[in-house]
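Report on one structure; see the data block that follows.
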Amino acid sequence: MTTPRDACGPAFGYRPLGEEGYERLHTASLRLLETVGVEVRDERGRVLLAGAGAVVESVRVRIPRQVIEQALESLPKRFTLRGRAADGSLDLDVAPGCGYYGNGTDCLCVIDPLTGVRRRAVVDDVETIAAGCELLPQIDFVMSAVLPADAPLTTLDLAQFAAMLKGTRKPIVISSAEPGTSVPAMVEMAALAGGTGSFACLAMSNPPLVLDAVCVGKALACAELGVPFICGPGNQMGATGPASVAGSLAVGHAETLAALTVHQLAGPGAPALYGAGAASVMDMHTMVDLWGTPEGVLADAVSCHLAARLGLPSWSFAGTSESKLLDGQWAAETVTTLLLASLTEGTLFHDVGELEAGVQSSLDSVILGNELIDYVRRIRRGIVVDDDTLQLDDIALVGPGGDYLARPYTRRHHREMWRSDLFDTAIFDHWQAAGATTLRQRLREKTIELVRAREPLLDARTSRALDAFWTGG
């Protein structure tokens, strides 16, 4: 069963902080920006901030509260991120609480979709996974999944972008290591594939309290070209942020506000998403950046609510795992992060299907994520209580001790109950007679089936033209 997308705004949710907590956190970040400041390692960004009234000393910039507030005022509270379907069915209404889901980006390794073996990723994996996401109804936007080893570093982001354009018509979010220099080429590539306005660009700050040339360059390029901009701080509690959720949130919130301010000074009213902060914990036992800890999940939930409180759409994570294998830990972490994310006021949730703390990508895992998103969307819709659903007349007719198997309402509505083609619900004997398959085996079958169902979306001439942007051919 496929559950329809939610209307923006959760039916119900949880808030880890009260109003006073959100206000105190926001005020703390504004104070940091005004007194401690941020390093802005791009002269163009410093010039814009100085012109708005910020205090610039070398690369350190202290930004007054009113400058931040003016930027927040000019940011659009809602915009459309377009897909490439002619009827607009793949377009996303980007606003607080809409709850859209996408796969992850830039993993070094991949579980081979056909063999199931972990290996280094290549360009074809980007297209294959994008094509799989195209066929999964609960995956709303697509990221590059992997960093391909067979693409030149100088044009790697263009190789990823070309592969995604060939694999999917859904909106794309691209993360580039270039300081905005490749964004104009991407605009041209998207237009060539028939989808002007069909992608957003992700940047990352350099915590603590640094905006490097890549981050600022992408902010400026996106503002000038009207490409939706995302800045995620991604600090690590205990490493690049304080070893507390509140402290790391204050740092991450400050970085995001600073980046969005630069973006709005370059293009007032240009579309952007607020990147959730303090999304990970540095494990001092293993020195691994952990994503799915309770502290990380809480931090992202607070960030999503804080963005919504400011009226901004947000960028957060869900459906990811630290596990190296598709095992019980993987399933538990995937469902937990997806369920809790779905109860926030977040907008775009990325990294569905990633494993190994972002090192490994797996189409098998994305397929499980697709099924679980369908499940949590059903929960998020809640229930309707009215005369039709209460069925009091039917209850009276059946009376005590009866059953509802043959009732007209049951015949009309029993198919609306959530069901899964992936999870087994049969009794033991029937499950055993059908082959006694595990979830892992069923996922392998579905992955192979999905890969083989892939069909070209673009003609050969357009595909060659897109590849020429990164091959030079």
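The values are calculated or read from the model by the stated rules, or taken from the named source; none is laboratory data. Given the structure is predicted, the values throughout are model-derived calculations rather than measurements. Ideal geometry is used to build each Cβ from the backbone, glycine not excepted, and the neighbour counts take in all protein chains shown.
Among the residues of the stretch 27-71, those identified as of a type in the set (Gly, Ala, Ser), part of a helix (DSSP H, G or I) and over 29 Å from the mean Cα position of the chain (by Cα) are Ala50, Gly51, Ala52. Yes or no: Gln329 assigned by TED's automatic domain parsing to the domain that holds Leu114, over 30 Å from Leu81 (Cβ atoms) and of a type outside the set (A, V, I, L, M)? Criteria met by Gln329. Ile379 passes every criterion in (1) more than 22 Å from Thr105 (Cβ to Cβ); (2) hydrophobic (A, V, I, L, M, F, W, C); (3) crowded, with 20+ Cβ neighbours inside 10 Å apart from (3).
Residues that are crowded, with 18+ Cβ neighbours inside 10 Å and either farther than 30 Å from Asp112 by Cα or free of Cβ contacts under 8 Å to residues at least 24 places away in the same chain (or both) do occur in the stretch 164-181.
Taking residues in the stretch 348-373 that are within 10 Å of Ile139 (Cα to Cα), and partners anywhere that are assigned to a helix (DSSP H, G or I) and among the hydroxyl-bearing types (Ser, Thr, Tyr), the pairs with Cβ atoms closer than 7 Å and at least 6 places apart or on different chains are Ile367/Thr447; Gly369/Thr334.
Scanning the stretch 298-323 for residues that are over 22 Å from Phe229 (Cβ atoms), surrounded by fewer than 24 Cβ atoms within 10 Å (Cβ to Cβ) and touching a residue at least 40 places away in the same chain (Cβ under 8 Å) turns up Leu298, Ala301. The listed residues are Arg419, Arg412, and the only one of them that is without any contact (Cβ under 8 Å) to a residue 12 or more places away in the chain and under 37 Å from the mean Cα position of the chain (by Cα) turns out to be Arg412. Scanning the stretch 187-199 for residues that are in the same structural domain as Cys109 (by TED's automatic domain parsing), within 17 Å of His263 (Cα to Cα) and not aromatic (Phe, Trp, Tyr) turns up nothing. Among the conditions (1) outside any helix (DSSP H, G or I); (2) out of contact with any Cys (no Cβ under 6 Å at 6 or more places or on another chain); (3) not hydrophobic (A, V, I, L, M, F, W, C), the only one that Asp300 does not satisfy is (1). The single condition among (1) more than 19 Å from Leu48 (Cα to Cα); (2) buried (at least 24 other Cβ atoms within 10 Å of the Cβ); (3) under 21 Å from the mean Cα position of the chain (by Cα) that Cys231 does not satisfy is (1). Looking for something in the same structural domain as Ala85 (by TED's automatic domain parsing), modelled with pLDDT of 95 or more and more than 26 Å from Ala95 (Cβ to Cβ) - is there at least one such residue anywhere in the stretch 257-264? Checking the stretch 257-264: not a single residue is in the same structural domain as Ala85 (by TED's automatic domain parsing), modelled with pLDDT of 95 or more and more than 26 Å from Ala95 (Cβ to Cβ).
To keep it simple, each residue is scored yes or no on (1) on the phi > 0 side of the Ramachandran plot; (2) at pLDDT below 95; (3) of a type in the set (Phe, Trp, Tyr).
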{"position": "Val146", "(1), (2), (3)": "no, no, no"}
{"position": "Leu156", "(1), (2), (3)": "no, no, no"}
{"position": "Phe161", "(1), (2), (3)": "no, no, yes"}
{"position": "Ser176", "(1), (2), (3)": "no, yes, no"}
{"position": "Ala223", "(1), (2), (3)": "no, no, no"}
{"position": "Gly238", "(1), (2), (3)": "yes, yes, no"}
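Only one entry in Val281, Val245 is crowded, with 24+ Cβ neighbours inside 10 Å and not polar (S, T, N, Q), namely Val281.
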